[in-house]
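The values are calculated or read from the model by the stated rules, or taken from the named source; none is laboratory data. Keep in mind that what you see is a predicted model, and the values were worked out from it rather than measured. Reconstructed Cβ throughout: ideal geometry from the backbone, glycine too, with neighbour counts over all protein chains shown. Heads up: the accessible areas ignore ligands, DNA and RNA and are worked out on the full protein's heavy atoms, side chains in. Shrake-Rupley method; radii C 1.70, N 1.55, O 1.52, S 1.80 Å.
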Amino acid sequence: MRLRRIWSSVWPPLVAVILFLIIWQTATSLFNIDKWMLPSPVDIAHEAAAGAAGLWEHTQATLRLMLLGFSIGTLVGLLVAFVLHYIPFLRKALYPLIILSQNVPIIALAPLLMIWFGFGILPKIIVITLVCFFPIAVAALDGLSRTDRVMLDYMRMAGASKWNIFTKLEVPYALPAIMSGAKIAATYSIMGAIIAEWIGASKGIGYYMMLQKSSFRTDKIFVAIAIIVTISLAMFLLISFIEKWLIRYHPSSDDK
């Protein structure tokens, strides 16, 4: 039954992607579209196979940068959420500023970070951290605010310490929201890594894309896009797996 449910959720988007690729391949052949303008899926696959060794080196560089930035962004987001949750005055003062900060495009901040911190790894990590921080912090704050009030009052009357209430009640209740924020942050992290590499890097998928853009190698740019999509999907699935492992209880499962 579980495999059937998985298959029923996988096959519709899979069929849609296959049909899209068939239409794309047919259109490029039927209308004789130049390869430099819009390569066919077959051309893109051939280019990916031909440059697999070099692509893997760039992919590794991007993965290391992305995972480090995502980890730091997650920790910072959780720490800020916990502090704001326990200090209401700070939440009232800083939460609107956190929301407003998202109106500044991260690509506009990246050049400033390069000027302030140079062209090393630090400004790149800051870019990814800023991208990942917001969804984690907002989701964690929302989850902590949804703690069951009846259970909260009961634990207080039972003499539970703030630490016990936090670890045994508030965090478990907030965990689904935190994991939802982590899914968003995980998919954003690859975007942050690519933007950071656009500003200044010597290797990575973002650096690879900039090189291919200058030489009008559209097929190689599409290869890089395919790698980015694959990494983003893999990160989303990884967080989903961790979520299922951490959250054993699902109310919806009792209704079936």
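Express the accessible area of the chain per residue in Å², computed with a 1.4 Å probe while the remaining protein chains stay in the model.
So the chain comes to 61 Å² accessible per residue, rounded to a whole number.
Can you list the lysines whose alpha carbon sits under 25 Å from that of K203, skipping same-chain ones fewer than 8 residues off?
Filter leaves K124, K213, K220.
Under 8 Å for C-alpha pairs, at least 6 residues apart: give me the relative contact order for the chain, rounded to a whole percent.
Averaging sequence separation for qualifying contacts and normalising by length gives 25 percent for the chain.
List the lysines whose Cα sits under 28 Å from the Cα of K244, skipping any in the same chain fewer than 8 residues away.
K162, K168, K183, K256
Kindly give Rg over Rh for region 1-81, based on alpha-carbon atoms, with the Kirkwood expression for the hydrodynamic radius.
Rounded to two decimals, Rg over Rh is 1.17.
Filter the chain for me: DSSP H helices, axial length by Cα at least 20 angstrom, mean Kyte-Doolittle hydropathy not below 1.6. List them by residue number.
Those that clear 20 Å and a mean of 1.6 are 121-145, 218-246.
Regarding region 93-141, what are the three Cα extents along the principal axes, ordered largest first, in Å?
Largest first, region 93-141 extends 34, 17, 17 Å along its Cα principal axes.
Let me have the relative contact order for region 32-136, percent, based on Cα pairs under 8 Å that are six or more residues apart.
42 percent
Heavy atoms only, 1.4 Å probe, whole protein assembly: order E170, E47 by accessible area, highest first.
I get E47, E170, largest accessible area first.
Scan (i) 1.32; (ii) 1.24; (iii) 1.07 for the value of Cα Rg over 2.2 N^0.38 Å calculated from this model and give just the label.
(ii)
Return the distance in nm (one decimal) between the two label points of a simple spin-label model at W56 and L152, each offset 7 Å from Cα along Cα→Cβ.
Inter-label distance under the simple model: 5.2 nm.
How much accessible surface does T26 have with a 1.4 Å probe, in Å² rounded to 10?
That residue has around 80 Å² of solvent-accessible surface.
Over region 175-248, with every protein chain in place, what whole percent of the accessible area is carbon and sulfur at 1.4 Å, could you tell me?
The nonpolar share, carbon plus sulfur, comes to 74 percent.
With every protein chain left in place and a probe of 1.4 Å, what is the accessible surface of Y154, to the nearest 10 Å²?
140 Å²
For K92, list the aspartates and glutamates whose Cα falls under 15 Å from its own Cα; do not include residues on the same chain fewer than 8 positions away.
Those aspartates and glutamates meeting the cut-off are D142.
For region 1-136, with all protein chains present and a 1.4 Å probe, just round the carbon and sulfur fraction of the accessible area to a whole percent.
77 percent
Relative to the compact globular guide of 2.2 N^0.38 Å, what is the alpha carbon radius of gyration of region 106-194, as a ratio?
Relative to the 2.2 N^0.38 Å estimate, region 106-194 comes out at 1.49.
Accessible area of W56, 1.4 Å probe, to the nearest 10 Å²?
140 Å²
What 222 nm value per residue comes from the helices of the chain, counting each DSSP H run with n ≥ 4 as -39,500 (n - 2.57) and dividing by all residues, nearest 500 deg cm²/dmol?
Per the formula, -27500 deg cm²/dmol.
At a 1.4 Å probe radius, which order do K203, K162, K213 fall into by accessible area, largest first?
My answer, sorted largest first, is K162, K213, K203.
Once you put a point 7 Å from the Cα of V17 and another 7 Å from the Cα of L246, both along the Cβ direction, what distance in nm separates them?
Here the answer is 2.6 nm between the modelled labels.
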